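The values are calculated or read from the model by the stated rules, or taken from the named source; none is laboratory data. Just so it is clear, the model here is predicted, and its values are computed rather than measured. Backbone-built Cβ (ideal geometry, glycine too); neighbour counts: all protein chains shown.
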Ligand code: SF4
Ligand code: SF4
């Protein structure tokens, strides 16, 4: 399973990650298209401020996940191979009980469509070569600047 790690010492709380997440989950995949999309594309992570510390909260894709256990329609499920916990839109009825039991508070509510919204670990999404190179270049520059 792909993992996403947070380096708390580097988080500025700018929320760019929230915007990027919502954009990636939009149909248009561009800012201009996303702002007029209905229902609006929502973020799947939440940058909180805890006693002055910026804290991006993301789904842990828990083993024996509480959100999966309480879902009565089977919409919330865990892939037995990858361990990714995801929501099946066709089965979700928007009761949001899953959101009530998640200990990390990382399930959102798509109120217009009555759907639970959560991190899907970008399953099926490939990072483009261009983005990968750009990320590598940025990390290299950041390390050089610190050295
Ligand atoms: S949504 Fe919450 S309970 Fe469900 S897998 Fe993610 S962190 Fe665990
Ligand atoms: S909101 Fe959807 S995914 Fe969550 S418990 Fe209800 S039916 Fe299941």
> How many residues does the stretch 56-71 contain that are surrounded by 11 or more Cβ atoms within 10 Å (Cβ to Cβ) and either on the phi > 0 side of the Ramachandran plot or away from ligand 1 (no atom under 14 Å from the Cβ) (or both)?
Replying inline: 1
>> With the requirement that a residue be assigned to a loop (DSSP other than H, G, I, E, B) and buried (at least 16 other Cβ atoms within 10 Å of the Cβ), what does the stretch 16-55 give you?
In response: 25, 26, 41, 42, 43, 44, 45
>> Condition (residue is exposed (fewer than 11 other Cβ atoms within 10 Å of the Cβ) and at pLDDT below 95) applied to the stretch 100-110: is it met by at least one residue?
In response: no
> In the stretch 75-86, what residues are within 17 Å of residue 109 (Cα to Cα) and either near ligand 1 (Cβ under 9 Å from one of its atoms) or exposed (fewer than 13 other Cβ atoms within 10 Å of the Cβ) (or both)?
Replying inline: 76, 85
>> Can you tell me which condition residue 15 does not meet? The list is (1) in contact with a strand residue (DSSP E or B) (Cβ under 7 Å, 6 or more places away or on another chain); (2) without any contact (Cβ under 8 Å) to a residue 40 or more places away in the chain; (3) within 13 Å of ligand 2 (Cβ to nearest atom), and all the others hold.
In response: (3)
> Which of the residues spanning the stretch 63-79 are in contact with a strand residue (DSSP E or B) (Cβ under 6 Å, 6 or more places away or on another chain) and part of a helix (DSSP H, G or I)?
Replying inline: 67, 68
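Scan the stretch 87-107 for residues that are more than 10 Å from ligand 1 (Cβ to nearest atom) and assigned to a loop (DSSP other than H, G, I, E, B) and report the count.
9
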